[in-house]
1. Using Cα centres only, tell me the gap between the stretch 42-118 and the stretch 176-234 in whole Å.
2. Percent of Cα-Cα pairs per 5 Å bin, from 0 to the last occupied bin, for the stretch 18-77, please list those.
3. From Cα coordinates alone, what are the radius of gyration and Dmax values for the stretch 211-284 in angstrom?
4. With both bridge residues required to lie in the stretch 253-394, what share of the DSSP beta bridges run antiparallel, to the nearest 5%?
5. Arrange the peptides 282-291, 225-234 so that the one whose residues have, on average, the most other Cβ atoms within 10 Å appears first.
6. Treating the Cα atoms of the stretch 253-394 as identical point scatterers in vacuum, please give the log10 of the normalised Debye intensity I(q)/I(0) at q = 0.09, 0.19, 0.20, 0.21 Å⁻¹, two decimals.
7. May I ask you to list the chymotrypsin sites (Phe, Trp or Tyr not before Pro) in the stretch 320-352 that are in a DSSP loop and have at most 13 other Cβ atoms within 10 Å of their Cβ?
8. At 10 °C and 1.306 mPa s, grab the translational diffusion coefficient of the stretch 185-253 from Stokes-Einstein with a Kirkwood Rh over Cα pairs, rounded to a whole number in µm² per second.
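Where a number appears in this text, it was derived from the coordinates with a stated rule and is not lab data. The structure presented is a predicted model; accordingly, all values stated were derived computationally and were not measured. In this analysis, Cβ positions are derived from the backbone assuming ideal geometry, glycine residues included, and neighbour counts consider all displayed protein chains.
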Amino acid sequence: MRKHIKGNVSFVGHLDWELERFHGDDFSILNGSSQNAYLIEEEKTVLIDTVWTPHRFDFVENLEKEIDLKKIDFIVCNHGECDHSGSLTALMEKIPETPIYLTATAVKSLEGQYGKRGWNFHTVKTGDSVEIGNGKKLIFVEMKMLHWPDSMATFMTGDNILFSNDAFGQHYAVEELFADLANPCLLHKEAMKYYANILNPFSAVLKKKLTELAGMNLPIEMIAPSHGAIWRENPMHIVDLYARWCDNYQEDQFTVLYDTMWEGTAKIAHRIAEEAHKLSPNTVVRVFNLSKADKNEVMTEVFKSRAIAVGSPTVCNSILSSVAGWLEFLKQLKFRDKKAAAFGCYGWSGESVRILKEKLADAGFQVVDENIRSLWNPDEACLAGAEDLVRALLGESENR
Ligand code: FEO
């Protein structure tokens, strides 16, 4: 069923209360999600994006209940990833001649996924526009690498809605649709989790894009992303947050991350956390066992941190696989301007601390020399090293 959002524009997407994972298993969904598609009914009827492949038949059936599909003058495909283009195959069976407006790279994406089907593509670039009647038009803005090379946004004049696709979205299902009606804590958390886990690697590109968007002087009154809540009241709030997040964001937070075999490395982790709180009482201290915690929630905490400490015991001349896999993900996300230290127990060869330091440096962290490397279980003399390690990471606190 359509839901009115502004003027002659309706939401015709899919609220996905059941979704638990996204990008395969790489992103956890804890509060539902949505694939947002929008229907514009001016003199021209325009469909902005569709929904994920498994929902394609329901999507087309629901759309047919709302309008005669033959009335759709054209479709805008802001992004080729299948959570937004996945219903095109079913839809285009019914209206095969309908023009699809998209970037040239999105053509490659659609043909790569669905094959060459003879669809009526109209490629567009930043600044191109198309009239939709009643004095209104759609202006296209390429959003290359936000978050894929083909991404774009579409601005609707008159109602001044920016259909931003993945940018400014969240994996968060909101029945009421609007950000001002959503739980504000969850909304902020999910918007930040989305940024930290999906968009952070492209922060430098985003920074330039925000400047370019500002230079276009689009009078944005609403931001309608392709996932989660629509920004209706003060839509520039999320733009301002992105401007902060893309600039090597950090809060006064310190996060300890580890896995352990027989609790020795866990003991060091807990001592480091205690020491951090003692030395810097105003700093938020979080501790996660990487084999038990949700990796995407953990990454959001790393995003907020100014420093982290990572621990693993040595096993078979290396580190635990839970930590190794997590460090590979950490490297992908390209966090910058954060300090890191390593710690871990060993019984024989003891390579873990060296390996952790190398991997943290490779992930872009400023790795300090101080570390805790404990032969067998840590004794008090070993644990006392936590003070120097924390001091190297957090500096001298004014609150001591
Ligand atoms: Fe929501 Fe990049 O797809």
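1. 24
2. 4, 15, 23, 22, 13, 10, 8, 4, 0
3. Answer for the stretch 211-284, Rg first and Dmax second: 20.5, 59 Å.
4. Numbers: 1 of 23 bridges.
Once the DSSP bridges in the stretch 253-394 are tallied, antiparallel ones form about 5 percent.
5. Values: 282-291: 17.3, 225-234: 22.4.
Those peptides, ordered most packed to least, come out 225-234, 282-291.
6. -0.21, -1.06, -1.19, -1.33
7. On the way: sites: W326, F329, F335, F343, Y346, W348; in loops: F335, W348.
Counting only loop positions with at most 13 other Cβ atoms within 10 Å, the chymotrypsin sites (Phe, Trp or Tyr not before Pro) in the stretch 320-352 are W348.
8. Working: Rh = 13.0 Å.
It diffuses with D of about 123 µm²/s by this estimate.
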